[in-house]
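The values are calculated or read from the model by the stated rules, or taken from the named source; none is laboratory data. Quantities reported herein were computed from a predicted structural model and do not represent experimental measurements. Because the Cβ atoms are built from the backbone with ideal geometry, glycine has one as well, and the counts that use them run over all protein chains shown.
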2 protein chains.
Amino acid sequence: MTFQQHVSVPHLTTALTGPLQHIESHLLGHQVEIEAWFRSQWLKTPAPFYTSVDLRNAGFKLAPVDTNLFPAGFNNLNSAFMPLCIHAVQSAVERVCPTGRRVLLVPENHTRNLFYLESLATLVQIITAAGFEVRIGSLLATLDEPMCVELPSGRSVTLERLVRDNSRVGVAGFDPCAVLLNNDLSEGHPEILVGIEQSIIPPLALGWSNRLKSGHFAHYRDVAEELSDLVEIDSWLISPLFRNCGEISFKKREGEDCLLKNATALFTAIKLKYEEYGLTDKPFIVAKADAGTYGMGVMTVESPDELVELNRKQRNKMASAKGGQEVTQVILQEGVYTFETWGDAVAEPVVYMLDHFVVGGFYRVHKGRGVKENLNAPGMHFEPLAFAESCSTPDRSEAPDAGINRFYAYGVIARLAMLAAAREIHQHS
Amino acid sequence: MTFQQHVSVPHLTTALTGPLQHIESHLLGHQVEIEAWFRSQWLKTPAPFYTSVDLRNAGFKLAPVDTNLFPAGFNNLNSAFMPLCIHAVQSAVERVCPTGRRVLLVPENHTRNLFYLESLATLVQIITAAGFEVRIGSLLATLDEPMCVELPSGRSVTLERLVRDNSRVGVAGFDPCAVLLNNDLSEGHPEILVGIEQSIIPPLALGWSNRLKSGHFAHYRDVAEELSDLVEIDSWLISPLFRNCGEISFKKREGEDCLLKNATALFTAIKLKYEEYGLTDKPFIVAKADAGTYGMGVMTVESPDELVELNRKQRNKMASAKGGQEVTQVILQEGVYTFETWGDAVAEPVVYMLDHFVVGGFYRVHKGRGVKENLNAPGMHFEPLAFAESCSTPDRSEAPDAGINRFYAYGVIARLAMLAAAREIHQHS
């Protein structure tokens with residue numbers, strides 16, 4: 001029995017030493033417990049309005065590497081799942097402003113990034129179809145007149161200047177019930193949004209100027225342990241090990257001792273796990289700005305020494321994150337191999353959620369990059385490959401690695417990362 | 001901009017005298033108001049767990065003719081929308097028993113109706129994929145052993161005997177959190193379900209032994225007037241006129257005066273409306289058992305006299321409804337033409353909802369039947385034609401009669417009938 005046809009699922013090329021299908025089997029076999037557990041968790045800490053999660057699938061390990069609370073890329077989802085997005089938005093907005101009809105979207109300040117603007121157009125389309133009036137209020141100070149951008153898809157988006165009137169914000173002639181942030185606030189809280197009486201979703205406190213990746217992954221480690229107990233697997237199979245350093249300056253070469261010490265400890269821990277599972281792959285770690293986003297200041301290293309033997313160019317790259325902030329805190333995270341391929345290209349799944357519902361996802365398919373590199377890096381080129389099927393239709397009569405069951409596994413791990421984010425929100429509120 | 005490809009939408013062959021596209025245009029133009037209004041309504045009177053609504057589309061008029069709170073036919077929905085069904089069930093059960101994991105389905109007592117059992121199998125599949133354990137507890141007294149029925153789709157369903165233990169019901173070794181009724185209780189409240197401590201969804205009071213069609217359509221008339229004010233149309237365009245008679249006996253020919261008087265008044269009212277809109281079609285009315293279901297005891301008449309000139313066979317047919325109950329109360333309802341055709345066959349839309357979400361629908365496509373006959377009658381044969389697109393993706397950049405916008409209109413009118421049912425539930429609880 002199948003709900004959908006099986007197409008467009010990348011092939012999983014794993015080193016055959018690992019416990020292939022082990023994770024998928026356990027998730028599928030405990031589906032009822034998993035769903036009941038998630039239900040009880042969302043009652044305690046409600047899901048964020050929207051979330052996207054970058055996953056890595058090494059076959060023996062399936063884990064999140066990044067959780068975005070201001071996701072872009074909605075245009076890369078399978079259009080067949082738009083009704084799911086619409087229903088999920090209706091559920092989410094019912095909680096926030098049940099009787100409201102106007103939503104203001106506050107985007108990133110990109111005016112030439114057509115990929116981003118296509119995502120924004122899709123968001124506008126989803127929220128409009130859900131039965132709301134939507135306008136886009138931009139933080140761009142240079143926007144004197146509304147700016148209409150025609151897009152390659154044939155759609156267009158109109159950016160208007162965000163204005164404040166006492167304790168309310170809006171755009172000309174439009175007083176919204178809720179403000180939906182699609183701007184990760186890397187550069188801090190915009191003054192115009194501080195203290196307004198309308199609901200801001202997600203709350204300002206969730207911007208990257210307040211969040212640390214290490215804070216998120218500490219919550220993730222907890223929820224991964226809880227789920228692992230439930231489904232009877234080793235939590236390492238779904239959770240990347242990590243350590244974080246305090247104040248670091250790559251430019252001034254301060255804090256190198258701490259980096260070296262933590263990197264050494266992390267490599268040792270990963271090696272032990274690889275030995276336990278008989279894995280012959282070479283461990284690697286990823287160093288990232290703890291408060292960063294957009295894949296800036298990210299580096300893959302294969303030994304602790306590499307971290308202190310950086311050349312000047314590498315140092316400068318690590319020293320700056322989005323918006324020109326200097327990287328001062330660093331998270332060292334266990335690298336997870338990507339063993340999914342589409343033809344001869346590496347494919348990394350990205351899962352999208354609206355409210356607590358998984359509404360789709362896509363693979364970043366990248367031809368020129370290796371299995372351990374970061375596929376979401378500046379200037380990188382990928383082809384999006386929309387998930388062919390939903391993440392909500394597991395089928396125990398099919399093999400654990402059948403397309404629909406692999407998508408279900410993605411959905412479980414992505415929701416787990418979302419639950420970690422929900423706990424972060426709860427902590428900040 | 002479109003979400004889906006346009007296929008499988010029947011052609012609408014209307015008499016070109018009517019205000020074609022008038023309803024669709026007004027619904028589409030007021031989408032934001034409609035959705036905000038529905039949101040506020042569901043806060044006051046929550047939607048039933050599931051509902052199916054039979055619609056008739058005459059082009060100049062789009063109206064519900066039957067609202068089922070124990071729907072079958074889930075197997076006729078487009079399998080592409082199963083994820084929508086799964087999410088909707090998750091939303092609905094979250095409200096009823098958020099921490100529960102076991103659901104007991106209590107079906108109709110059909111053991112040989114494979115169409116019904118296919119629908120039951122689909123329901124089990126949806127609820128299972130939503131993350132619950134599901135078993136089927138049958139009211140059949142003859143069921144000593146579990147009965148496994150193999151189905152044409154390759155699936156199977158296992159019927160087990162419903163058992164009671166003090167104030168709880170279940171099947172052997174299975175203590176459910178909620179009891180989901182898929183049995184319309186035409187024959188009254190089964191004693192085994194009375195006074196149990198588990199939640200029964202929908203409540204026993206909603207069975208046909210308690211409900212009257214005239215009660216439902218009185219609520220429908222109210223909600224249709226409210227929506228019509230909102231979208232600025234004449235409420236007659238979405239609401240069938242009706243009158244109901246008290247105690248009637250077709251066999252004993254009692255109450256014929258009342259029937260004749262009400263039928264005459266109804267024909268007069270319909271004719272006035274037809275004249276107002278310049279419609280040249282011949283008015284007709286449908287007489288039904290007020291407390292019936294399953295299309296039994298339904299008769300189409302073209303003049304008041306026909307109602308009292310019934311032959312013996314017609315009298316007997318009208319006198320008995322499902323379960324052998326004698327029809328004693330009758331509703332006379334304005335007949336609504338079906339002007340949708342698929343090839344040379346008549347097509348009648350049926351819309352399915354789970355919680356307050358429209359999750360799909362299908363057309364009853366019937367080759368041997370006329371535009372004014374009841375397509376859901378005993379022994380009738382229809383081919384189901386699944387809706388190709390969702391009812392939740394209206395698009396103002398397309399024509400009002402484009403497939404997706406016609407499906408949106410169906411979804412609005414079906415939800416309106418569901419709202420009438422929600423008010424009935426509220427009244428009974």
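What the table below lists for this structure:
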{"quantity": "Single unsatisfied condition, B:P152 versus (1) more than 30 Å from A:V358 (Cα to Cα); (2) touching a helix residue (DSSP H, G or I) at 6+ places or on another chain (Cβ under 9 Å); (3) surrounded by 16 or more Cβ atoms within 10 Å (Cβ to Cβ)", "calculated": "(3)"}
{"quantity": "Total residues in the stretch A:337-347, condition acidic (D, E) and under 20 Å from A:Q21 (Cβ atoms)", "calculated": "1"}
{"quantity": "Residue in the stretch A:131-144 that is free of Cβ contacts under 8 Å to residues at least 40 places away in the same chain, part of a strand (DSSP E or B) and more than 14 Å from chain B (Cβ to nearest Cβ) present", "calculated": "yes"}
{"quantity": "Single residue of A:V163, A:V169 found to be under 25 Å from A:D355 (Cβ atoms) and out of contact with any Asp or Glu (no Cβ under 7 Å at 6 or more places or on another chain)", "calculated": "A:V169"}
{"quantity": "Among the residues listed as A:H30, A:H26, the single one being out of contact with any strand residue (DSSP E or B) (no Cβ under 9 Å at 6 or more places or on another chain) and more than 11 Å from every other protein chain (Cβ to nearest Cβ)", "calculated": "A:H26"}
{"quantity": "Single condition B:V93 does not satisfy, out of (1) hydrophobic (A, V, I, L, M, F, W, C); (2) modelled with pLDDT of 90 or more; (3) buried (at least 23 other Cβ atoms within 10 Å of the Cβ)", "calculated": "(2)"}
{"quantity": "Selected residue (only one of A:V89, A:V96, A:V106 is β-branched (V, I, T), within 14 Å of chain B (Cβ to nearest Cβ) and within 22 Å of A:L193 (Cα to Cα))", "calculated": "A:V96"}
{"quantity": "Selection from the stretch A:185-218 of residues that are in a helix (DSSP H, G or I) and over 22 Å from A:N57 (Cβ atoms)", "calculated": "A:E191, A:I192, A:L193, A:L204, A:A205, A:L206, A:S214, A:G215, A:A218"}
{"quantity": "Residue check for B:A388: assigned to a loop (DSSP other than H, G, I, E, B) and surrounded by fewer than 24 Cβ atoms within 10 Å (Cβ to Cβ)", "calculated": "yes"}
{"quantity": "Residue match in the stretch B:286-302 (condition: buried (at least 16 other Cβ atoms within 10 Å of the Cβ), of a type outside the set (S, T, N, Q) and in a helix (DSSP H, G or I))", "calculated": "no"}
{"quantity": "Any hit, the stretch B:198-213, residues being within 14 Å of chain A (Cβ to nearest Cβ) and out of contact with any helix residue (DSSP H, G or I) (no Cβ under 8 Å at 6 or more places or on another chain)", "calculated": "no"}
{"quantity": "Residues within the stretch B:73-104 that are touching a helix residue (DSSP H, G or I) at 6+ places or on another chain (Cβ under 7 Å), in contact (Cβ under 8 Å) with a residue 24 or more places away in the chain and charged (D, E, K, R), tallied", "calculated": "1"}
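Per-residue answers, yes or no, for (1) in contact with a Ser or Thr (Cβ under 9 Å, 6 or more places away or on another chain); (2) closer than 21 Å to A:Q90 by Cα; (3) within 11 Å of another protein chain (Cβ to nearest Cβ):
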position: B:E389; (1), (2), (3): yes, yes, yes
position: B:S392; (1), (2), (3): no, yes, yes
position: B:R396; (1), (2), (3): yes, yes, yes
position: B:I404; (1), (2), (3): yes, yes, yes
position: B:Y408; (1), (2), (3): yes, yes, yes
position: B:I413; (1), (2), (3): no, yes, no
position: B:M418; (1), (2), (3): yes, yes, no
